[in-house]
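Okay, structure first, notes after.
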Amino acid sequence: MPSWTKAATIIGTLAILPLQPVAAQQKQSLARFSFSSGWDALPAIVAIERGFFAQEGLVVSGLAVPSSQAVMESLVAGSTDFAAIPQRTLLVMVAAKAPVKVIAMNGWGTETELVVPKSDTGVKSIADLKGKTIALGVGSEAYPVLIRLLNKAKIRPSEVTIKLLSPADLTRAFQKKLADAVIESRHFTAALVKNGQARVVLSNKDIVEALGLVGAGPLVTQTSLIEKEPAMVQKFVNALIKALKYIDQDRKDAAQLLRIFFHRQGTLVSDELALSWIGMTRYDRYVWSPADVADAEFNGWGLKEGGVLKVLPKLDGYVDNRFAEQAVKRLGVK
């Protein structure tokens, strides 16, 4: 029995009685929405706090969840209706054959860099890191990117040491001599460069040129919800796409909402830093294209090659663009 099926059975059994009254409300337009506790929660925050769900007649119960495993199990069990998840989480779910569908974009092209200590003048390319230690965050989206870059340089994952660090250690990786290089989103690497610890070996532009990287972020829902409540799914996608468009139109306000979101979690972020984060991900596309799918599957190969997955995930049948396409048509966005 797949692990997600076991989780669904356990959670579903425990939740039968308390969830019955809520299920009736859900049919009346209640939608439970899970999203990250990091910066990729921005579309969710904007959609909730700027009233785009309310405009569509939806009551949304939003929850920031730090654990990808919790989101996966909740989706499968039915206690979450919609989730904005990292692409890596989607690939794990696809490999496990979880009953979910991608229904829209949740941002794409988050900028990634490879940096080394500023004092290290010998490393000029990824090939120079053979035999060295490369750090990235736990559960990082940069993991398959690193494997793909190593493959392009004809280096096997076993020929480097890949070290997973906490966010706090990532920003002090070179001060504490924890790694010879860091590959991560610019949310982390920009801080290393700014405080004088690091220099850029591969910029985001270099990585995109090398890999054709897209990095599409998925909005997903249960397959059963599409079948039972297609009108609700459409309203939800309409609202999220409104939020994506809003972020592009008013980055300053979006940054303020993001800053408040972090402050409510106990993290102080300056206005300047929050605004810079907005520019590190793009929000100007809404529908998953064949290129998005191909790139995601290549990342799935990277996760398998790197030993994270045992099965190569294929996205055939996992992307349903009908709702995003209808929203784009109705809202007149491009």
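Any idea how far the Cα center of the range 277-334 sits from the one of the range 82-139, in Å? Each part reduced to its Cα centre gives a spacing of 14 Å.
Can you list the residues of the range 190-225 with backbone N under 15 Å from a point 7 Å past the Cα of A294, pointing along Cα to Cβ? Answer for the range 190-225: 209-216.
Taking label positions 7 Å along the Cα-Cβ direction at both A210 and S119, the computed distance is 2.5 nm, reported to one decimal. Between A70 and S224, the contour length at 0.36 nm per residue exceeds the Cα-Cα span by 53.5 nm. Cβ crowding within 10 Å ranks V123, V214 as V123, V214, fewest other Cβ atoms first. Note on A54 and T267: with the Förster distance fixed at 25 Å, the Cβ-Cβ geometry gives a FRET efficiency of about 0.35. Between K124, K242, K252, the GNM of the chain built on Cα springs shorter than 10 angstrom shows K124 fluctuating the most. As a length-normalised measure over Cα pairs under 8 Å and 6 or more apart, the relative contact order of the chain settles at 26 percent. In plain terms, the chain from R199 to K310 could stretch by 36.5 nm, reckoned as 0.36 nm per residue minus the Cα-Cα distance. Taken along the Cα-to-beta-carbon direction at a fixed 7 Å, the label points for R330 and K163 span 5.1 nm. So what's the angle, to the nearest 10 degrees on a 0 to 90 scale, between helix 3-27 and the longest Cα principal axis of the chain? The angle comes out near 40 degrees.
Partner aspartates and glutamates whose Cα lies under 17 Å from the Cα of K242, excluding those fewer than 8 positions away in the same chain, are identified as D40, E49, E56, D250, D253, D284, E325.
On a 0 to 90 degree scale, rounded to 10, what angle separates helix 142-152 from the longest Cα axis of the chain? It works out to around 50 degrees.
With 21 Å as the limit on Cα-Cα distance, the pairs of K130/K152; K97/K304; K152/K177; K118/K194; K97/K314; K177/K310 that go past it are K152/K177; K177/K310.
State whether the range 112-211 is rounded, prolate or oblate according to the following rule on the C-alpha gyration tensor (a ≥ b ≥ c being the square roots of its eigenvalues): a/c under 1.5 gives rounded; otherwise a/b larger than b/c gives prolate, and the remaining case gives oblate. In terms of gyration-tensor shape, rounded. Taking every C-alpha pair closer than 8 Å and separated by at least 6 residues, the mean separation divided by the residue count of the range 112-211 gives a relative contact order of 47 percent.
None of the figures in this text is laboratory data; all of them are computed from the coordinates on show. Bear in mind that the values here come from a model prediction, so they are computed numbers and not experimental data. A quick note on method: Cβ atoms are made from the backbone with ideal geometry, for glycine too, and the neighbour counts reach across all protein chains shown.
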